[in-house]
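Here the structure is laid out as structure tokens; the discussion comes afterwards.
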Amino acid sequence: MMRKKSIITKLGARAIAGILTACMTFSLAGCGETARNPEETESIELLNPVGVAFHYEKAAKRTIYKTTTYSALICPYAEEYEFSSSQVFEDYTAYPGQSVKKGQTLLKSNTESVDKQIEDLTESMKQAAEEMEEYLKEANEALEEIAKKRDMLGDMMHKAQNNVPPQTITVTDPATGAVTEVSNPDYEVWNSQYTKLDTTYRVYYIDAEKRQQAISQKTELYNLDTEYRKKLLARLKQDRGNSTVDSKMDGVVAAIRYLDNNQWVSGETPLVAVADLDRKEMKCDYINKSTVAKAKDLYAIIHGKRYEIEYQAMDTDEYKRIQEENGKVYSTFYLKDDAEVEIGTYAVIVIVEEKNENVVAVPKDAVKRDSTSQYVYVVNGTELVYTPVKTGISDGVYTEIVSGLEEGANVLTEQASKITGNRTAKLEKGSINYNFSSTGYLTYPSYVLEKNPVEYGTVYFVENYVSMYQQVKKGDVLAKVRVVPDTVQLEKNEQKLVREKERLAELIAEQEKDEYQKQIEAKQETIADLEELIADMKADFQVKEIKASINGIVTGINSYEAESLVRSGDAMYQISDETKSFLFVVDDRSQLTYGNEVTVTYKGSNGIDTQVTGEVVSLNQMVASRMLTTDNKVTTGWNNENAGAIIQLSPEIIGQMAGSTADDSGWWSRSAYTVTAEIRNMENVLLVPKGAVKEKDGATYVNVKLEDGSIESRSFIAGGSNNSYYWCVEGLTEGMEICLE
């Protein structure tokens, strides 16, 4: 049985004095009038003297939520790419907003140095092979001749060995008849000849051995050197192969690192990202898997519609890796039905930790605790009744009463509403968003340098035909020049050509001799080179204009005075490719993301403000690493560095915007453009005037005026708010009349 006692019987004088002090600080207020009993006892009057009123609120049935909401974005799946080794960056071959195929090259490094090494090494290997071939031919011919002579001598020696005469012969003395053995003269002759053969044979044998050894050693050294050169060539070709970065999937370029031509780039530094716009992910601030596992309900709201979602768990190692790379980790969810959802759409993820519907609840501060239990004070006329209760969940504003208190009981609280219901508004559906405004700057990541092409002759500048930020077409004249021909060198080359042709004719007349064939081929090659050189010189002498090689915008001019000397190869103009130019918008907080629509305001050539619509074609930090977002900065006036987003506009608009800065006067004031956007747009949601909402510890409440005129406090899940409105995820319905302060 519920235990109720008068506060006088329960509390001592010290407690009574404390309550009186607290109560006297407030005036009469509440959803209902405070009842006063004219037959107060003397002791009660001490507790509640004249002019003092209790603040109370009725215990009412409510829905108690314990929820957390997370702002989210619909993002594409993306992959980032980098050089596998350190390289000298040259140029991107695909730019943000451009579709690419699997295997397509995205960027490349400057390969002039490695190409020259490959060319030189290949040529030296070819020359070494030719020299080795020539050496082997000559050495083997000489060895073969020596071997023939050696073998011939060997045959002669073999025959001689088969016809060796006796070393001695028997001689009879005619006078005495005595028989003696004496040296055979024929043997001495044979031996002398054989010794000569053997000596000569040994000379040829040793010579052949030496020659064979020399050939073997030369061949071995050549093979070792060739093997080393082949490995070096393979390594150079591998470096050459690593000079490009290719996409590993179909998609669209969605981020690039801002680099200058010939900038040294360390390996494994993210330089470009490709996004698959058909693979949608929902990204939000990190939510651990235990929170998701414990949730009573989990869903997303997009434009007022509920979507079922699936959490993508992340293991500890992956969490640490991403944290190290990006500094901040985001969670990924997948929509179970994303057919209607576009990239860049704003969403809210709702995690319902607890939700108890139609339960008796009282203001949180009405619940007290002593050493043994929880309790509330029930206001009964002018009496405060100590009432023990058992509580359930709390949302920070209201606490569920599981037992000990019935609906309708007036409980003592300092939180009692002061709303009278005199000013109300009906809830309607609408849209809510946040306004983004920043400054944009044209950026020209792809350009060509128009250089002085004249190698032969002296070039003098005559007249400039273009101005900065002027739009030009391929073939347009940029400047007039004057070339002074080097006629002396031309005549020398022409005379040399005549002599070479005469010598060639002589060689052809004797071409029956094989040894002249290579000389003929070499002479023909020399003549061809001379003819090409003379043609190039004559073409250079005719140059009168420097022309644009592409359609684009003049973004650099090397100032020359009339009759200034222009050296061969000097860069005279920089022409940026207008199809690969963008508007960079300062966005240090990475609020914009791929798919957002923005409005760009600029002054046209007539000086009138013009507005155009563009699309963000770069990812924000929820998807791309910080090396491609917050750490990726460009210089924007006075050497200020900012991170930001890339806006894609048509080449025509880029040209008009660039043209608006062509006049030097006021260039600085007109080189920056205003960029605005509505971001975090949520349509078809119930809008709640901000002045009607009471918020505490994340819980949001409004006072609803019922049909009978009474006022009831209702909680709701807020998806977010701007300066004017909250928007409701659930808890309120369209048409409800709510009280305004």
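Taken over segment 322-352, the criterion of being modelled with pLDDT under 90, within 30 Å of residue 269 (Cβ to Cβ) and either part of a loop (DSSP other than H, G, I, E, B) or hydroxyl-bearing (Ser, Thr, Tyr) (or both) is satisfied by 327, 328. Considering segment 148-157, and only residues there that are in contact with a helix residue (DSSP H, G or I) (Cβ under 8 Å, 6 or more places away or on another chain) and closer than 30 Å to residue 217 by Cα, the residue that is most open to solvent (accessible area, probe 1.4 Å) turns out to be 149. For residue 575, are the conditions met, namely being crowded, with 17+ Cβ neighbours inside 10 Å and at pLDDT below 95? Considered against the rule, which asks whether it is crowded, with 17+ Cβ neighbours inside 10 Å and at pLDDT below 95, residue 575 comes out as no. Going by the structure shown, is residue 466 touching a residue at least 40 places away in the same chain (Cβ under 8 Å), of a type in the set (Val, Ile, Thr), in contact with a strand residue (DSSP E or B) (Cβ under 7 Å, 6 or more places away or on another chain) and more than 26 Å from residue 262 (Cα to Cα)? Spelling it out, residue 466 is indeed touching a residue at least 40 places away in the same chain (Cβ under 8 Å), of a type in the set (Val, Ile, Thr), in contact with a strand residue (DSSP E or B) (Cβ under 7 Å, 6 or more places away or on another chain) and more than 26 Å from residue 262 (Cα to Cα).
Could you tell me whether segment 583-593 includes any residue that is among the small types (Gly, Ala, Ser) and either closer than 21 Å to residue 471 by Cβ or modelled with pLDDT of 95 or more (or both)? No, every residue in segment 583-593 fails to be among the small types (Gly, Ala, Ser) and either closer than 21 Å to residue 471 by Cβ or modelled with pLDDT of 95 or more (or both). Of the residues that make up segment 579-586, is at least one surrounded by 17 or more Cβ atoms within 10 Å (Cβ to Cβ), among the hydroxyl-bearing types (Ser, Thr, Tyr) and closer than 30 Å to residue 632 by Cα? Yes, segment 579-586 contains at least one residue that is surrounded by 17 or more Cβ atoms within 10 Å (Cβ to Cβ), among the hydroxyl-bearing types (Ser, Thr, Tyr) and closer than 30 Å to residue 632 by Cα. When residue 248 is tested against the conditions (1) assigned to a strand (DSSP E or B); (2) at pLDDT 95 or above, the lone failure is (1). Look at segment 203-223: where a residue is open to solvent by less than 60 Å² (accessible area, probe 1.4 Å) and a partner is polar (S, T, N, Q), sitting 6+ places away or on another chain with Cβ atoms under 8 Å, you get 215/140. Residue 421 - would you say it is out of contact with any Pro (no Cβ under 8 Å at 6 or more places or on another chain), on the phi > 0 side of the Ramachandran plot and among the small types (Gly, Ala, Ser)? Taking the combined requirement at face value, the residue satisfies it. Restricting attention to segment 109-147, the residues that are open to solvent by less than 70 Å² (accessible area, probe 1.4 Å) and within 30 Å of residue 249 (Cα to Cα) add up to 5.
In segment 306-329, is there at least one residue being over 29 Å from residue 727 (Cα atoms), touching a strand residue (DSSP E or B) at 6+ places or on another chain (Cβ under 7 Å) and of a type in the set (A, V, I, L, M, F, W, C)? Checked segment 306-329: no residue is over 29 Å from residue 727 (Cα atoms), touching a strand residue (DSSP E or B) at 6+ places or on another chain (Cβ under 7 Å) and of a type in the set (A, V, I, L, M, F, W, C). In segment 247-263, the count of residues that are out of contact with any strand residue (DSSP E or B) (no Cβ under 8 Å at 6 or more places or on another chain) and open to solvent by less than 60 Å² (accessible area, probe 1.4 Å) is zero. Residue count for segment 265-287, restricted to those that are open to solvent by less than 20 Å² (accessible area, probe 1.4 Å), assigned to a loop (DSSP other than H, G, I, E, B) and within 13 Å of residue 311 (Cα to Cα): 1. Residues of segment 94-115 that are under 26 Å from residue 222 (Cα atoms) and touching a Ser or Thr at 6+ places or on another chain (Cβ under 8 Å): 114 alone. The residues listed here are 506, 531; of these, the one that is more than 29 Å from residue 450 (Cβ to Cβ) and either assigned to a helix (DSSP H, G or I) or of a type in the set (A, V, I, L, M, F, W, C) (or both) is 506.
For segment 86-104, which positions are within 19 Å of residue 619 (Cα to Cα) and either open to solvent by less than 30 Å² (accessible area, probe 1.4 Å) or of a type in the set (Asp, Glu) (or both)? Hits for segment 86-104 are 92, 94, 95, 96, 97, 100. Apart from one condition, residue 501 fits all of (1) at pLDDT below 95; (2) of a type outside the set (A, V, I, L, M); (3) under 45 Å from the mean Cα position of the chain (by Cα); the exception is (3). Of all residue pairs spaced 6 or more apart or on separate chains, those with beta-carbon atoms under 6 Å, a first member in segment 637-650 that is of a type in the set (D, E, K, R) and a second member that is not in a loop (DSSP other than H, G, I, E, B) are 641/633; 641/635. If only residues of segment 158-185 that are assigned to a helix (DSSP H, G or I) and open to solvent by 100 Å² or more (accessible area, probe 1.4 Å) are counted, the one that is farthest from residue 139 (Cα to Cα) is 162. Consider segment 309-352 and keep the residues that are in contact with a Ser or Thr (Cβ under 8 Å, 6 or more places away or on another chain) and open to solvent by 70 Å² or more (accessible area, probe 1.4 Å). The one that is farthest from residue 629 (Cα to Cα) is 312. Enumerate the pairs (first residue in segment 368-391 and more than 16 Å from residue 54 (Cα to Cα) and hydroxyl-bearing (Ser, Thr, Tyr); second residue anywhere and open to solvent by 60 Å² or more (accessible area, probe 1.4 Å) and in a strand (DSSP E or B)) with beta-carbon separation below 8 Å, excluding pairs fewer than 6 apart on the same chain, so at least 6 apart or on different chains. What qualifies is 375/368; 375/369; 391/402. Restricting the first member to segment 116-140 and to residues that are under 17 Å from residue 218 (Cα atoms) and small (Gly, Ala, Ser), and the second to residues that are open to solvent by less than 40 Å² (accessible area, probe 1.4 Å) and modelled with pLDDT under 90, no beta-carbon pair is closer than 9 Å while six or more apart or on different chains. Of the strands (runs of 3 or more DSSP E) contained entirely in segment 679-741, those carrying at least 3 residues that are open to solvent by less than 40 Å² (accessible area, probe 1.4 Å) and not polar (S, T, N, Q) fall at 699-705, 711-721, 725-730. In segment 395-483, counting only strands (runs of 3 or more DSSP E) that sit wholly within it, the ones holding 3 or more residues that are open to solvent by 30 Å² or more (accessible area, probe 1.4 Å) and touching an Asp or Glu at 6+ places or on another chain (Cβ under 7 Å) span 428-443. Which of the residues spanning segment 602-625 are open to solvent by 30 Å² or more (accessible area, probe 1.4 Å) and either free of Cβ contacts under 8 Å to residues at least 12 places away in the same chain or more than 22 Å from the chain's Cα centre (by Cα) (or both)? Within segment 602-625, 603, 605, 606, 607, 608, 609, 610, 611, 613 qualify.
Scanning segment 94-129 for residues that are over 18 Å from residue 257 (Cα atoms), at pLDDT 90 or above and of a type in the set (Ser, Thr, Tyr), we see that the one that is farthest from the chain's Cα centre (by Cα) is 124.
Considering 569, 552, the condition of being open to solvent by less than 50 Å² (accessible area, probe 1.4 Å) and closer than 24 Å to residue 485 by Cα is satisfied by 569 alone.
The values are calculated or read from the model by the stated rules, or taken from the named source; none is laboratory data. Every value quoted in this text rests on a predicted model; they were computed, and no experiment measured them. Because the Cβ atoms are built from the backbone with ideal geometry, glycine has one as well, and the counts that use them run over all protein chains shown. Note: accessible area is taken over every heavy atom of the protein model, side chains too, but ligands, DNA and RNA are not part of it. Shrake-Rupley method; radii C 1.70, N 1.55, O 1.52, S 1.80 Å.
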